[in-house]
């Protein structure tokens, strides 16, 4: 839900900025910086729900005729790969966030602290990793099934 709120907010901010720029010459300073930060955070926030719902793209062209057991093993392996990738991203994002906090890195136009975005991204990626590992260990629910 937070991801949806972020995307709605940046959409409204962009509209206000564009309307102001094209009608009165007034604009929101740093709107592109804030949009980029919020979009990055929103993408990370969507990842756990996407993994729970099996919303990632699955190319099953070569496995449609495979047995259910084989498809299940491949789904579990895919979940392990997603979990590993999300864990790697969470770890490296945490390192980047700590670096941004230590150096007090901020955006150029409005001085928005970069570590705040990392603070949102890291828990979301870690949760997506846990979900992927759980699906690899205990099996993956059929696509579209409630988790």
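I'd like to check something: does region 48-71 contain any residue that is outside any helix (DSSP H, G or I) and either at positive phi or in contact with a strand residue (DSSP E or B) (Cβ under 7 Å, 6 or more places away or on another chain) (or both)? Spell out the reasoning first.
Going residue by residue through region 48-71, those that are outside any helix (DSSP H, G or I) are 53-67.
Then drop every residue that is not either at positive phi or in contact with a strand residue (DSSP E or B) (Cβ under 7 Å, 6 or more places away or on another chain) (or both), which leaves 54.
Yes, region 48-71 contains a residue that is outside any helix (DSSP H, G or I) and either at positive phi or in contact with a strand residue (DSSP E or B) (Cβ under 7 Å, 6 or more places away or on another chain) (or both).
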### Summary
Filtering region 14-30 for residues that are part of a helix (DSSP H, G or I) and either modelled with pLDDT of 95 or more or surrounded by fewer than 19 Cβ atoms within 10 Å (Cβ to Cβ) (or both) leaves a count of 9
### Query
Regarding residue 127, is this residue surrounded by 13 or more Cβ atoms within 10 Å (Cβ to Cβ) and over 21 Å from the mean Cα position of the chain (by Cα)?
no
### Task
Quick one: residue 92 ticks every box in (1) free of Cβ contacts under 8 Å to residues at least 12 places away in the same chain; (2) in a loop (DSSP other than H, G, I, E, B) except a single one, so which number is it?
(2)
### Task
Specify the residue that is surrounded by the most Cβ atoms within 10 Å (Cβ to Cβ); the eligible residues are those in region 34-65 that are in contact (Cβ under 8 Å) with a residue 60 or more places away in the chain and closer than 17 Å to residue 77 by Cβ.
51
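The values are calculated or read from the model by the stated rules, or taken from the named source; none is laboratory data. In this text, all values refer to a predicted model and were calculated from it rather than measured experimentally. Every residue, glycine as well, gets a Cβ built from its backbone with ideal geometry; the counts of neighbours run over all protein chains shown.
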